[in-house]
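The values are calculated or read from the model by the stated rules, or taken from the named source; none is laboratory data. Remember, predicted model here, so these are calculated numbers, not experimental data. All Cβ positions, glycine included, derive from the backbone under ideal geometry; neighbour counts span all protein chains shown. Ligands, DNA and RNA are excluded from the accessible area calculation, which covers all protein heavy atoms including side chains. Shrake-Rupley method; radii C 1.70, N 1.55, O 1.52, S 1.80 Å.
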Amino acid sequence: MSGLANELLADLDDLSDNGSADYEEDKDVPAPPINSAPNGLKRKAEGDVDISEDEEEAEEEEDVTGKGPSGSLVFEGGVKPAEELDAEDVQQMDLGAIEDVSSIAKLEGSKKMSDILKEIGKYQANPSSVDAMSLPAHLNPEYTLIVQANNLSVDVDNEILVVHKFIRDHYASKFPELEQLVQDPTQYIRAVRILANNEDPTKVDLTGVLPAAVIMSVLITATTSSGQPLSDVRWKAVERACGLADRLEETRKTIFMYVSSRMNVLAPNLSAIVGTTTAAKLLGIAGGLGPLAKMPSCNVHLLGAQKKTALGFSTVTQRRHTGFVFQCDLVQQTPPEYQSKVQRTVGAKCVLAARMDLERTRRDGSYGQDLRDKIEKHIDRLAAPLPAKITKALPIPNDGPKKRRGGKRARKAKEAYAQTELRKLQNRMAFGEAEEEVGAFDQTKGLGMIGVGTGKVRAGLGEAKSRAKLSKANKLRTAALARAAQGGSTTSGTATSLTVTPVQGFELTNRAAAAQRVKEANERWFAAGGFSFVGQKGSGNQG
């Protein structure tokens, strides 16, 4: 059992040794002393440096998790990503005392670069089939080459930055204002090659190298520049550096074309969202499509996050919790205040695209393009300005009747507080006539036009439209009561039930019942009766 464990540990040691081999043939060559390390590794501070308690705790955590001060977490099966040089750190280098650029730029001609370029040429001549590219990462030899080539492109970019700084420091004595006019490293190197060491820079042709507006600024500034021509030795060093930069740029383009072509086959949907370069970095550090697809979406944007040691300086300007996803064009084109939110959205969409690529569906990258369109719409919504506040004009005073709430409840409330017809008459006065008053002493009220002309104190009913409408059941009930009142006998208001008789005096009788008995007797005995004509006495007509 112990023999098996020893063999496993030995295999792991071999893997770690192979993965961490980097420019072994160049380690024995002593590098000249410069202010910053050219290979991208951060120098440790010399002497005693006061470190706060927080930084000491952070270093202890790094020792436990296995991450260095500028390293990032590498998952099982993944490849450690290449460390990118910070442009600000490169600007702080002083390379004016270096005579030969090959002493600081050692990537070209190294064994690592030669082996990777050789493998790239082999696979470009005989590309792998789609079935071979669909295999898992540990069974696909080209997958490892893609990740290594992507890391090599990062090293090439770092080398170009250092060479550019070397050229600037040496050519500054000839044309110190050029570095302010041309900020792009590639354009600066090409402009230096064209301008060369000529005493009259206005005779050179910069067309096709710089934009027209920049060319005019360069030529005008060159005529008033305080620079002096370079010596032959110094110009030869600058010229060799320019040639090295051109060769590195061609190598970078070759690597980029290869990685782009293979990533479009390996992970088309993921590449459609973040680009082929960032997609290769994500797959390299995650260990393949499978681990990336199984990873929680909240962790994807942290892949490749670098922890930089501040050494007592402020950490306000440092980008914390940002990784490879932060480098894609979607996040870089977003306004700074929304970049943190957008990178989390992009990380979540990357997991969905990786799952689609792992299932080998939608191989044309249409799913990834749809996700990218959704992200762009999300960015547009975030960056869209708030709707302008509408200033509503004040209404015209007394502009017609106001709208009131209608309905049965509102009508009843209106009728309860409405002005009656009697109050309306009281508020009116006849012109030239004194109104009548009621009351006593000093508490009197005028009657207005109440009773004027008619003599009636009771006022008429209100308008018909202000009356409450009866329901159908109430209408039927009211009609029935009216018919019953019309069918019965009308009784006088002065009628009484007391009767005075000569025998009993006052007697309480039911006159309605007596009248009903008389009516029934008449209908019984005299219903069929009639009148007959009888002749007068003494007439000749005899019956």
Inset, instruction - Determine if the range 123-140 includes at least one residue that is open to solvent by 60 Å² or more (accessible area, probe 1.4 Å), assigned to a helix (DSSP H, G or I) and either at pLDDT 80 or above or among the hydroxyl-bearing types (Ser, Thr, Tyr) (or both). - result: yes
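Table: residues versus (1) open to solvent by 50 Å² or more (accessible area, probe 1.4 Å); (2) assigned to a loop (DSSP other than H, G, I, E, B).
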residue	(1), (2)
Lys174	no, yes
Gln187	yes, no
Val192	no, no
Thr202	yes, no
Val214	no, no
Ala222	no, no
Pro229	yes, yes
Val233	yes, no
Legend entry - Criterion: of a type outside the set (S, T, N, Q) and over 18 Å from the mean Cα position of the chain (by Cα) - qualifying residue of Ala353, Ala348: Ala353
Inset, instruction - Examine the range 379-394 for a residue that is under 30 Å from Leu292 (Cα atoms), out of contact with any Leu (no Cβ under 8 Å at 6 or more places or on another chain) and touching a residue at least 60 places away in the same chain (Cβ under 8 Å), and state whether such a residue exists. - result: no
Legend entry - Filtered residue count, the range 385-437, keeping only those that are surrounded by 10 or more Cβ atoms within 10 Å (Cβ to Cβ), assigned to a loop (DSSP other than H, G, I, E, B) and acidic (Asp, Glu): 2
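Determine which member of the set Thr334, Thr345 is closer than 26 Å to Gly304 by Cα, in a loop (DSSP other than H, G, I, E, B) and open to solvent by less than 90 Å² (accessible area, probe 1.4 Å). Break it down stepwise before answering.
Numbers: Thr345 fails: in a loop (DSSP other than H, G, I, E, B).
Result: Thr334 is the single residue among Thr334, Thr345 that is closer than 26 Å to Gly304 by Cα, in a loop (DSSP other than H, G, I, E, B) and open to solvent by less than 90 Å² (accessible area, probe 1.4 Å).
Look at the range 348-368 and say how many of its residues are in a helix (DSSP H, G or I) and either of a type in the set (Gly, Ala, Ser) or surrounded by fewer than 16 Cβ atoms within 10 Å (Cβ to Cβ) (or both). I'd like the intermediate steps shown before the answer.
Step one: list which residues in the range 348-368 are in a helix (DSSP H, G or I), which gives 348-358, 366-368.
Within this subset, residues satisfying the condition of being either of a type in the set (Gly, Ala, Ser) or surrounded by fewer than 16 Cβ atoms within 10 Å (Cβ to Cβ) (or both) are 348, 353-354, 366, 368.
Result for the range 348-368: 5.
Go over the candidates Asp184, Asp205, Asp232, Asp155 one by one and state the one that is free of Cβ contacts under 8 Å to residues at least 40 places away in the same chain and closer than 30 Å to Ile285 by Cβ. Steps first, please.
Values: Asp205 fails: closer than 30 Å to Ile285 by Cβ; Asp232 fails: closer than 30 Å to Ile285 by Cβ; Asp155 fails: free of Cβ contacts under 8 Å to residues at least 40 places away in the same chain.
Exactly one residue qualifies, and that residue is Asp184.
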Inset, instruction - Scan the range 395-421 and report the pairs whose first residue is in contact (Cβ under 8 Å) with a residue 40 or more places away in the chain and whose second residue is in a helix (DSSP H, G or I), with Cβ atoms within less than 9 Å and a gap of 6+ or a chain change. - result: Arg411/Ser466; Lys414/Ser466; Glu415/Ser466; Ala418/Ser466
Legend entry - Hits in the range 246-263 - residues which are touching a Ser or Thr at 6+ places or on another chain (Cβ under 8 Å) and open to solvent by less than 10 Å² (accessible area, probe 1.4 Å): Ile255, Val259, Met263
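Answer yes if at least one residue in the range 267-290 is over 24 Å from Lys165 (Cβ atoms), open to solvent by 30 Å² or more (accessible area, probe 1.4 Å), at pLDDT below 85 and in contact with a Phe, Trp or Tyr (Cβ under 8 Å, 6 or more places away or on another chain), and no otherwise.
No: zero hits.
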Inset, instruction - Mind listing whichever residues of the range 291-304 are in a loop (DSSP other than H, G, I, E, B) and open to solvent by 10 Å² or more (accessible area, probe 1.4 Å)? - result: Met295, Pro296, His301, Leu302
